[in-house]
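Novice: Below is the structure I would like to discuss, written out as structure tokens.
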Amino acid sequence: MIAVHKIALAPNNRQRELFVKSAGVARFSYNWGLDRWKALYKAGGKPSEAALRRELNALKKDGFPWMLEVTKCAPQQAIKNLGTAFVRFFSGLGKYPQFKKKGQHDSFRADNGPTTIGADAV
């Protein structure tokens with residue numbers, strides 16, 4: 001059984017600013033990934049979520065240094081969400097992914113990474 005913990009936050013001004021920046025980075029990453037996906041597909045390539053994450057990571061330091069101000073999970077999870085959206089679209093369960101707009105359902109996801117459940121778990 002996987003447990004999820006929902007926590008109500010009361011951020012101070014500095015934390016609120018970091019949340020807004022993280023949501024912006026996630027939105028930018030998703031939109032950048034969608035744009036790249038369309039361009040690669042139009043050029044006859046077969047885009048993948050993993051390839052887009054690698055490409056964005058390579059560009060981050062020089063092209064988008066402001067992305068380094070937030071957790072690395074924000075852009076990574078946004079690209080993963082885009083990959084999931086395309087999987088749902090190609091399997092007939094959803095619509096074609098659309099670009100995200102500022103101020104509409106702004107969000108980002110930050111997690112602790114994969115967990116192992118087994119004999120070593122306490």
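The values are calculated or read from the model by the stated rules, or taken from the named source; none is laboratory data. Bear in mind that the values here come from a model prediction, so they are computed numbers and not experimental data. Cβ sites come from the backbone with ideal geometry, for glycine too, and all protein chains shown count toward neighbours. Surface areas here come from the heavy atoms of the whole protein model, side chains and all, with no ligands, DNA or RNA. Shrake-Rupley method; radii C 1.70, N 1.55, O 1.52, S 1.80 Å.
Novice: Arrange the residues TYR30, TYR41, TYR96 by how much accessible surface each exposes, largest first, with a 1.4 angstrom probe.
Specialist: Working: TYR30 20, TYR41 145, TYR96 75 Å².
Sorted by accessible area, descending: TYR41, TYR96, TYR30.
Novice: Under 4 °C and 1.567 mPa s, how fast does the range 28-69 diffuse according to Stokes-Einstein, given a Kirkwood radius computed over C-alpha pairs? Answer in µm²/s, whole number. Spell out each step's value before the answer.
Specialist: On the way: Rh = 10.8 Å.
Roughly 120 µm²/s, to the nearest whole number.
Novice: Add -39500 (n - 2.57) for each DSSP H run of 4 or more in the chain, then divide by its residues: what number comes out at 222 nm, to the nearest 500 deg cm²/dmol?
Specialist: On the way: 3 runs with 63 residues, N = 122.
Taken over the chain, the calculation gives -18000 deg cm²/dmol.
Novice: In nm, give the distance between the simple-model label positions of GLU17 and ALA3, each being 7 Å from the Cα along the Cα-to-Cβ direction.
Specialist: 3.6
Novice: Still on this structure, please answer the following. Nearest 20 debye, what's the magnitude of the dipole of the chain about its Cα centre given +1 on Lys and Arg Cβ and -1 on Asp and Glu Cβ? Before the final figure, lay out the partial values.
Specialist: Values: 21 positive and 9 negative charges, 87 e Å.
For the chain, the charge dipole is close to 420 debye.
Novice: Additional query: Lys/Arg Cβ at +1, Asp/Glu Cβ at -1, dipole of the chain taken about the Cα centre: which of THR84, ALA58, GLY45 is farthest positive-ward?
Specialist: It is GLY45, whose Cα lies furthest towards the positive end.
Novice: Using only alpha carbons, build the gyration tensor for the chain and give me the equivalent ellipsoid semi-axes, biggest first, whole Å. Walk me through the intermediate numbers first.
Specialist: On the way: eigenvalues 130, 87, 49 Å².
Working from the Cα gyration tensor, I get semi-axes of 25, 21, 16 Å.
Novice: At 0.36 nm per residue, and after removing the present C-alpha to C-alpha distance, how many nm does the segment from ASP111 to ARG88 gain when stretched out fully?
Specialist: Numbers: separation 23, 0.36 × 23 = 8.28 nm, distance 2.25 nm.
Length difference between fully extended and current span is 6.0 nm.
Novice: Can you give me the C-alpha center-to-center distance between the range 71-107 and the range 1-33, rounded to a whole angstrom?
Specialist: 15
Novice: Separate question: Determine the relative contact order of the range 1-99: mean sequence separation of Cα pairs under 8 Å and six or more apart, normalised by residue count, in whole percent.
Specialist: Numbers: 63 pairs, mean separation 33.8, N = 99.
34 percent.
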